[in-house]
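The values are calculated or read from the model by the stated rules, or taken from the named source; none is laboratory data. Just so it is clear, the model here is predicted, and its values are computed rather than measured. For neighbour counting, all protein chains shown are included, and Cβ atoms are generated from backbone atoms with ideal geometry for every residue, glycine included.
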Amino acid sequence: MTSTLPSTHASFLENLLRELKQDQRFDALLAGGSLVHGGLDEHSDIDLVPVVRDDLYPQVMAERRDIAAGLGNLISAFTGEHVGEPRLIICLYGPKLLHVDLKFVVLSDLKALVERPKILWARHEDKVSKALDAATIVWPNCSPEWFEERAWVWLHYGATKLQRGELFEALGLIAFFREQVLGPMLNRRSGKPQRGVRRIEQDEDAVAALLPVVAVHDRQSVANALMSALQLYVELRKDQPPAVLTAGMPDLMVSFLAR
């Protein structure tokens with residue numbers, strides 16, 4: 001499997017597999033992300049899921065940073081509480097820089113997944129395969145209601161920053177809105193999983209739709225981008241309208257932006 005990977009990725013994985021096979025605390029190594037859905041290149045990170053023996057899981061969790069340090073030249077690492085995933089340790093290895101996510105789980109954690117991971121190695125592959133066969137696998141796409149409940153609040157926030165002259169804050173909100181709302185809705189339109197704006201440049205129509213929602217540090221540019229974001233949201237909303245439309249919108253927001 002590693003023969004098809006970029007050399008840095010292949011070398012890291014080969015070393016990791018050697019280490020885990022010798023460590024009786026681990027039962028398997030799974031891979032997600034680009035290793036599953038394709039497109040892995042020299043710029044990709046690696047999403048890995050070491051499967052730990054149940055009885056030794058507390059020990060591994062307590063030592064996971066040391067374990068990560070033993071897998072290569074670890075430059076920096078931190079745990080994933082900020083994304084609601086304390087089992088995750090996010091690592092940067094060197095000297096040729098490589099981003100690796102390690103999420104330590106036990107076999108029973110594989111009941112609900114966002115994708116079916118690839119088994120890179122397992123002491124008992126049939127057991128792991130059966131667990132994956134029985135798993136509920138659902139990509140966490142957002143509902144029309146999720147978008148509608150948030151879109152107007154976020155657009156208003158950006159507009160207040162513009163009107164106060166906090167253009168960097170407004171620029172940050174516009175980028176956030178592209179990633180959290182418009183990108184996923186454009187993915188929905190093209191029948192793809194909602195993955196923010198990841199590799200959205202491969203979709204020419206999506207790029208054309210998003211370009212007006214890119215601003216520079218200028219009041220009029222920010223105002224135009226916010227209005228374009230509003231208009232694009234309303235257009236994309238028609239694909240799958242929410243059960244209840246927000247009262248007064250978009251008219252109230254258009255008037256607010258025009259102040």
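Things worth noting here:
- Of the residues making up segment 195-212, just one is in a loop (DSSP other than H, G, I, E, B) and either among the hydrophobic types (A, V, I, L, M, F, W, C) or modelled with pLDDT of 95 or more (or both), namely Val197.
- Odd one out for Val213 among (1) within 18 Å of Asp239 (Cα to Cα); (2) surrounded by 20 or more Cβ atoms within 10 Å (Cβ to Cβ): (1)
- Per-region count, segment 202-226, residues touching a residue at least 24 places away in the same chain (Cβ under 8 Å) and either within 21 Å of Glu149 (Cβ to Cβ) or touching an Asp or Glu at 6+ places or on another chain (Cβ under 7 Å) (or both): 2
- Residues satisfying the stated conditions in segment 66-103, i.e. surrounded by fewer than 16 Cβ atoms within 10 Å (Cβ to Cβ), touching a strand residue (DSSP E or B) at 6+ places or on another chain (Cβ under 8 Å) and either in a loop (DSSP other than H, G, I, E, B) or among the hydrophobic types (A, V, I, L, M, F, W, C) (or both): Ala69, Ile75, Phe78, Leu92, Pro95, Leu97
- Only residues that are small (Gly, Ala, Ser) and either at positive phi or not in a loop (DSSP other than H, G, I, E, B) (or both) were counted across segment 213-254, and they come to 6.
- Scanning segment 128-142 for residues that are touching a residue at least 24 places away in the same chain (Cβ under 8 Å) and out of contact with any strand residue (DSSP E or B) (no Cβ under 6 Å at 6 or more places or on another chain) yields Ala131, Val138, Trp139, Pro140, Asn141, Cys142.
- Some residue of segment 178-195 being in the same structural domain as Val36 (by TED's automatic domain parsing), surrounded by 15 or more Cβ atoms within 10 Å (Cβ to Cβ) and β-branched (Val, Ile, Thr): no
- Selected residue (only one of Leu182, Leu171, Leu155, Leu162 is under 20 Å from the mean Cα position of the chain (by Cα), in a helix (DSSP H, G or I), in contact (Cβ under 8 Å) with a residue 12 or more places away in the chain and more than 30 Å from Asp54 (Cβ to Cβ)): Leu182
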